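Report on the structure given below.
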Amino acid sequence: MAILGSGPAGFYTAYKVMQGIHEAKVDMYEHQPVPFGLVRYGVAPDHPEVKNCQDKFTEVASSPDFTFIGNIKVGQDVSLKSLAIHYDAVVFAYGASMDRKLGIPGEDQLKGIYSARDFVGWYNGLPAFSNLAPQLDLSDTAVVIGQGNVALDVARILLKDVDSLRTTDMTDQALATLAKSKVKRVRVVGRRGPMQVSFTIKEVRELMKLPSVAFEPIDQNLIPPDIPSLPRTAKRLTKLLMEGSMCDMAHAEKSWALDFLLSPIQFLSADGTILSQIEFARTKLVGSDPFESTASVEISADHHSIPTSLAFRSIGYQSEALPGMSGLGIHFDTKRGIITNDYYGRLLSPTHEVHVGRPLPGMYCAGWVKRGPAGVIANTMEDSFATAEAIIADWNDKAPFLGGGNGWETLEGEIAVKGARTVSWEDWLRIDAAEKARGKAVGKERVKFTHPHEMLNILD
C-alpha cells in the first residue's frame, strides 16, 4: 500500500491497516523532507502536548514493513500512474495545502493582509513560508476574520508574552518579529453569532486566562435567554463567554474581542498600498431559532468599518487535486475541496454519485482530503481508522484491488534515474537529532531547520 502524506491521516491509516492485515507493507510518500505534516507545522508551539501522537507514529515507522520516502513530489518525481501499477492500494492522505479566500476587493493587493494558514506555517518553520515577514508593527489592532481554532491560535500568539514562547519550538525569526509587535488588541470577527462559532471551549478558555489580557464584553442580546435548556457544549460555552464578559478591563495591558454578525465586504487603504480599514456588512441571524448552531444569516444594508493595518484571513483550508488524478478516473470535487468518496474512504468514479457507483479498485482517501478541513487530530484519527477498516474489509472480502507489485523496491530505481533526492526514516532521525541538539544549546526542545537544503546538508 502506498500512502500519500505523512500527517495524522496517513499514519493512523497505516497503523490500523498494519494491525488488520498480516504482513501488510506500507510505503509512505511525503513532499517535505520531514514527516508529521500538520503536527509539525500546524500545531501551535505552546501546545506541545498535542504533538504526543508523534510517539505513536514513530512506533509505526519502526516496523520493518514500513518505508518512509520523504522529499518526493507525487505527480512530479513519481506519477500516480506508476504508483497504481506497483501497489495493491493507494491512499490519498495529503491534507489541505491551500487556504480559502474571501474574494473581496483589496484582498490580494494591499500590504498588511495575511492568511492565517501562512502565518501559522511561518512561526512553525514551514519552508514555504519562511520568507513571509509579517509586519506586526503596522498597527496596535489586529483583525482576524473567522472564528475557528486557527483564528484563536493566531489571536493567542499575537497577545501572549513573547518570553513565554522562547522555550517552545517556535522559530527564532518569529520570536524576533513578535518581540517588535505593536499589537495590543485583537478582534476575532465572524458572520454569525456566539452559538455558531467553530472554535472549541478549550481554545477560548486558554485565551481568557492569558495574564494581563482582557476579554471585551459581548452583546448580551446574542446570548440565548434559556441557558439551562441548551445542549451541554453550548451551555458550557455560553457560561464561559458570560463569565469572561465580566472581567476587569481597567488593569489589562492588552485585550481581545469576539465581534459577531459582521461579513467582510472590502479591504480599504488610505495610501493605496497598506491596509487602513476593513468594511463589513452587518448580518442578521435568520430561521426559526437564531440560537441554533446551524442558523444562517442574511446581509443587511448597514455597514461597519474597523480601522486597522493588520488583518488575518482564517476561514478554512482547502485541498487541491494532484497531477494525474483524472487519468486514473479519480474525481476531485473542486467546490468542496475533497476527493469524491463513499464516506468510508473508497474513491468513486466521476460518473457515479455517493453510494451508487462502483468504487475505484484499490483507491482510498483519509483525513481532510476525504471529508474537508474540520475537527482536531482526534477526529482525523477516527476518520482514518474508518478508511483503514474499509481497506481491511475489502481485502478480506477479496474485492478488486490494483495490480500489485513490489512498491518502493521497484520504484526507487525509477525515481533515482530522474535525479530526485529522497529522505528515508533513518535520514529523518538524523535531522531530528540535529534539531534537538540545536535546541539543547539554547534551552529549547528543538530548533527547526526552515529550509529543505539545510535538512539535506545535515545528511551530507
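The values are calculated or read from the model by the stated rules, or taken from the named source; none is laboratory data. Remember, predicted model here, so these are calculated numbers, not experimental data. Because the Cβ atoms are built from the backbone with ideal geometry, glycine has one as well, and the counts that use them run over all protein chains shown. The protein model used for the area step is the full one, side chains on, heavy atoms only, and it has no ligands, DNA or RNA in it. Shrake-Rupley method; radii C 1.70, N 1.55, O 1.52, S 1.80 Å.
Per-structure values
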{"quantity": "Residue ranges of strands (runs of 3 or more DSSP E) in segment 251-355 with at least 3 members touching a residue at least 24 places away in the same chain (Cβ under 8 Å) and within 21 Å of Lys101 (Cβ to Cβ)", "calculated": "262-269, 275-286, 296-307, 311-313"}
{"quantity": "Which listed residue, of Leu83, Leu110, is closer than 18 Å to Thr422 by Cβ and of a type outside the set (S, T, N, Q)", "calculated": "Leu83"}
{"quantity": "Pairs where the first residue, in segment 84-102, is under 15 Å from Tyr317 (Cβ atoms) and the second is of a type in the set (Val, Ile, Thr) and part of a loop (DSSP other than H, G, I, E, B), C-beta under 6 Å, 6+ apart", "calculated": "Arg100/Ile315"}
{"quantity": "Any hit, segment 211-219, residues being open to solvent by 50 Å² or more (accessible area, probe 1.4 Å), of a type in the set (Asp, Glu) and under 19 Å from Ala142 (Cβ atoms)", "calculated": "no"}
{"quantity": "Sole exception among (1) in contact (Cβ under 8 Å) with a residue 12 or more places away in the chain; (2) outside any loop (DSSP other than H, G, I, E, B); (3) more than 27 Å from Gln277 (Cβ to Cβ) for Asp118, by number", "calculated": "(3)"}
{"quantity": "Lone unmet requirement of (1) assigned to a helix (DSSP H, G or I); (2) open to solvent by 30 Å² or more (accessible area, probe 1.4 Å) for Ile157", "calculated": "(2)"}
{"quantity": "Filtered residues of segment 407-449 (kept if open to solvent by 30 Å² or more (accessible area, probe 1.4 Å), closer than 17 Å to His31 by Cα and of a type in the set (Val, Ile, Thr))", "calculated": "Thr422"}
{"quantity": "Residue count for segment 160-189, restricted to those that are among the small types (Gly, Ala, Ser) and either free of Cβ contacts under 8 Å to residues at least 12 places away in the same chain or in a loop (DSSP other than H, G, I, E, B) (or both)", "calculated": "2"}
{"quantity": "Arg192 being in a loop (DSSP other than H, G, I, E, B) and touching a residue at least 60 places away in the same chain (Cβ under 8 Å)", "calculated": "yes"}
{"quantity": "Those residues of segment 84-103 which are open to solvent by less than 60 Å² (accessible area, probe 1.4 Å), closer than 22 Å to Pro373 by Cα and in contact with an Asp or Glu (Cβ under 9 Å, 6 or more places away or on another chain), in sequence order", "calculated": "Tyr94, Ala96, Ser97, Asp99"}
{"quantity": "Residue check, Val162 of a type in the set (Val, Ile, Thr) and touching an Asp or Glu at 6+ places or on another chain (Cβ under 6 Å)", "calculated": "no"}
{"quantity": "Single residue of Gly5, Gly20, Gly37 found to be on the phi > 0 side of the Ramachandran plot and open to solvent by 20 Å² or more (accessible area, probe 1.4 Å)", "calculated": "Gly37"}
{"quantity": "Which numbered condition Asp65 fails, given (1) out of contact with any Lys or Arg (no Cβ under 7 Å at 6 or more places or on another chain); (2) surrounded by fewer than 17 Cβ atoms within 10 Å (Cβ to Cβ)", "calculated": "(1)"}
